[in-house]
Amino acid sequence: MIYLVYVSTATTLLSDEELGDILHVSRRNNEAADITGMLLYRNGNFIQTLEGPPQAVRETYERIFRDPRHKSVIKILERPTEVRNFAGWSMGFRNADKLSGEDKKAINVFLSEPSDPKTADARGGLVYKLLLNFRDAVSG
Ligand code: FAD
């Protein structure tokens with residue numbers, strides 16, 4: 001298996017209904033393709049991780065990459081993995097606009113930093129940690 005993490009920017013600010021449409025289709029497709037993961041949305045920005053069989057993950061990412069509902073899609077991490085960190089989540093979701101405190105601060109710091117290819121791997125690791133924190137917050 002592999003997992004990947006990307007960030008992107010919504011083309012326009014999305015309503016709850018539009019986000020709901022994306023999630024509905026994602027969950028349906030991901031379940032069929034044996035993909036699990038998590039999607040975070042904050043102030044027009046997305047962070048998503050996908051994990052599962054390499055070909056399925058890459059094909060799904062290609063489809064997402066071409067989706068005109070977002071732009072500046074940048075893959076920041078792709079790694080092999082023996083275990084799923086988001087098992088049971090065909091696509092976990094957090095609208096971080098509705099968060100307060102430390103979590104919001106952590107996302108703001110990440111999103112406001114310019115992306116530098118030299119630090120991409122370290123940043124990818126940090127973003128992945130953030131997604132794991134959200135997983136624990138949502139399930140806990
Ligand atoms: P269809 O069933 O053909 O269409 C899906 C629905 O989405 C339809 O109701 C259609 O009206 C609507 N739709 C499609 N394109 C647009 C558009 N441009 N504007 C408005 N509405 C539209 N897909 C996954 O499979 N897994 C994911 O994890 C995943 N994550 C995503 C994360 C983000 C941030 C975004 C923006 C999209 C994501 N998608 C994901 C959706 C993906 O980009 C494709 O739209 C989707 O996979 C197409 O699947 P389908 O052919 O079964 O869709």
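The table that follows gives values for the structure above.
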| quantity | calculated |
| --- | --- |
| Test for Glu78: is it surrounded by 15 or more Cβ atoms within 10 Å (Cβ to Cβ) and of a type in the set (Asp, Glu) | yes |
| Any pair with Cβ under 6 angstrom, 6 or more apart, that starts in region 13-37 at a residue that is without any contact (Cβ under 8 Å) to a residue 60 or more places away in the chain and ends at one that is assigned to a loop (DSSP other than H, G, I, E, B) and near the ligand (Cβ under 7 Å from one of its atoms) | Gly37/Met91 |
| Strands (runs of 3 or more DSSP E) contained in region 1-92 and holding at least 2 residues more than 12 Å from the ligand (Cβ to nearest atom) | 2-10, 70-80 |
| Qualifying residue in region 26-43 (condition: closer than 18 Å to Gly124 by Cα, out of contact with any Phe, Trp or Tyr (no Cβ under 7 Å at 6 or more places or on another chain) and either of a type in the set (Val, Ile, Thr) or surrounded by 13 or more Cβ atoms within 10 Å (Cβ to Cβ) (or both)) | yes |
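For (1) aliphatic (A, V, I, L, M); (2) modelled with pLDDT of 95 or more; (3) within 12 Å of Phe86 (Cβ to Cβ), each residue gets a yes or a no:
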residue	(1), (2), (3)
Val25	yes, yes, no
Asn30	no, yes, yes
Ile35	yes, yes, yes
Tyr41	no, no, no
Asn45	no, no, no
Leu50	yes, yes, yes
Glu59	no, yes, no
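The values are calculated or read from the model by the stated rules, or taken from the named source; none is laboratory data. Given the structure is predicted, the values throughout are model-derived calculations rather than measurements. In this analysis, Cβ positions are derived from the backbone assuming ideal geometry, glycine residues included, and neighbour counts consider all displayed protein chains.
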